[in-house]
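**Q** Here's a structure for you.
What follows draws every value from the coordinates through simple rules; no lab data is involved. Only a predicted model underlies this, so the values are computations on that prediction, with no experimental measurement involved. Note that we place each Cβ from the backbone using ideal geometry, even for glycine, and neighbour counts take in every protein chain shown.
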Amino acid sequence: MLVNIDEIKEPGLDRRWDVSREALDAMVAGDRAGWRAHGGVQVDAHLEKVERRVLLRATARADLEADCRRCLLPVAAVVPVEFELTLVPAEGARAEGGQRGDHPHQPVAGSFDADEAQEEVFRGKVIDLDPILREQLLLALPGAPVCGEGCKGLCSVCGGNLNERECGCVRTVPDPRWAGLSKVKL
Ligand SMILES: [Zn+2]
Ligand SMILES: [Zn+2]
């Protein structure tokens with residue numbers, strides 16, 4: 001998803017992209033909850049130029065899938081992502097690091113709250129939204145889902161899916177960590 005800043009005219013620029021399932025899969029790869037692409041992701045972005053900075057507002061709907069954390073069956077979910085950030089040209093970016101410690105009482109320009117106004121630096125005339133979307137998407141990902149509140153999970157003895165049938169295993173196995181304690185003489 002590339003935008004040339006010269007395309008952004010006075011009223012702002014609205015763009016929509018459909019990111020493929022393969023590209024979405026690469027973006028969420030390695031997520032701890034195991035989210036993977038089920039379909040693609042649709043991204044709607046609005047860009048506005050304010051002096052040399054670019055304000056970006058975007059919403060996306062990622063069509064994802066992850067394994068139920070109890071029974072491991074795949075669960076599909078559409079994860080909404082919404083973000084707003086300021087893109088700052090590299091040439092005009094404030095020097096990062098060091099300065100804040102040197103001037104602890106210097107007011108931060110516009111008293112931006114770091115969470116409210118995120119900044120990203122771009123170089124040249126072309127803004128690549130892919131890494132930005134990836135970052136925001138990873139932030140928006142929920143933990144591993146459950147297929148339903150009533151999911152009974154897997155039997156700890158035979159591994160059978162307890163939603164499908166009750167296997168009859170005795171699952172009240174004494175915890176081996178406590179078994180050791182019974183031998184300790186107090
Ligand atoms: Zn489940
Ligand atoms: Zn069982």
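**Q** Magnitude of the Cβ-charge dipole of segment 1-92, K/R +1 and D/E -1, about the Cα centre, nearest 20 debye?
**A** 300 debye
**Q** Additional query: What net charge do the residues around residue 76 carry, taking every other residue with its C-beta under 12 Å from that of residue 76, with Lys and Arg at +1 and Asp and Glu at -1?
**A** -2
**Q** HN-Hα J couplings of segment 25-38 from phi, Karplus 6.51/-1.76/1.60, θ = phi - 60°, integer Hz, Gly and Pro as x?
**A** 4, 5, 5, 9, 4, x, 4, 5, 7, x, 5, 9, 6, 9
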